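A.B. asks: Please find one structure pasted underneath; my questions will follow.
The values are calculated or read from the model by the stated rules, or taken from the named source; none is laboratory data. Keep in mind that what you see is a predicted model, and the values were worked out from it rather than measured. Cβ placement follows ideal geometry from the backbone for every residue including glycine, while neighbour counts extend to all protein chains displayed.
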Amino acid sequence: MGIIGLKVRHNESGEVELLEADGVFAAIGHTRKKRLPWLTDPHG
């Protein structure tokens, strides 16, 4: 048995919904990468 979906709950209404999915990507932590000037607009 593998991943079949993700169960999410709306914080205000409490409604629970199952979002079907074949897999999950989880990013833990973060890194601050240098922004490349050609990938950002003048305001960053």
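A.B. asks: Scanning for something surrounded by fewer than 10 Cβ atoms within 10 Å (Cβ to Cβ), at pLDDT below 90, assigned to a loop (DSSP other than H, G, I, E, B) and in contact with a strand residue (DSSP E or B) (Cβ under 7 Å, 6 or more places away or on another chain), does the stretch 20-27 turn up at least one residue?
C.D. replies: Quick first cut of the stretch 20-27, residues surrounded by fewer than 10 Cβ atoms within 10 Å (Cβ to Cβ) only: 20, 22-27.
Checking the rest, the ones that are also at pLDDT below 90 come to 22-27.
Subsequent filtering for residues that are assigned to a loop (DSSP other than H, G, I, E, B) retains 22-27.
Okay, now just the ones that are also in contact with a strand residue (DSSP E or B) (Cβ under 7 Å, 6 or more places away or on another chain), so 24.
Yes, there is a match, as at least one residue in the stretch 20-27 is surrounded by fewer than 10 Cβ atoms within 10 Å (Cβ to Cβ), at pLDDT below 90, assigned to a loop (DSSP other than H, G, I, E, B) and in contact with a strand residue (DSSP E or B) (Cβ under 7 Å, 6 or more places away or on another chain).
A.B. asks: Test ILE3 against the criterion of being modelled with pLDDT of 70 or more and surrounded by 10 or more Cβ atoms within 10 Å (Cβ to Cβ), and give yes or no.
C.D. replies: Values: modelled with pLDDT of 70 or more: yes; surrounded by 10 or more Cβ atoms within 10 Å (Cβ to Cβ): yes.
So ILE3 passes the test.
A.B. asks: Where the second residue is small (Gly, Ala, Ser) and the first is closer than 15 Å to PHE25 by Cα and lies in the stretch 1-15, which pairs have Cβ atoms under 9 Å and are six or more apart or on separate chains?
C.D. replies: Pairs found: GLY2/GLY23; ILE3/ALA21; ILE3/GLY23; ILE4/ALA21; GLY5/ALA21; LEU6/ALA21.
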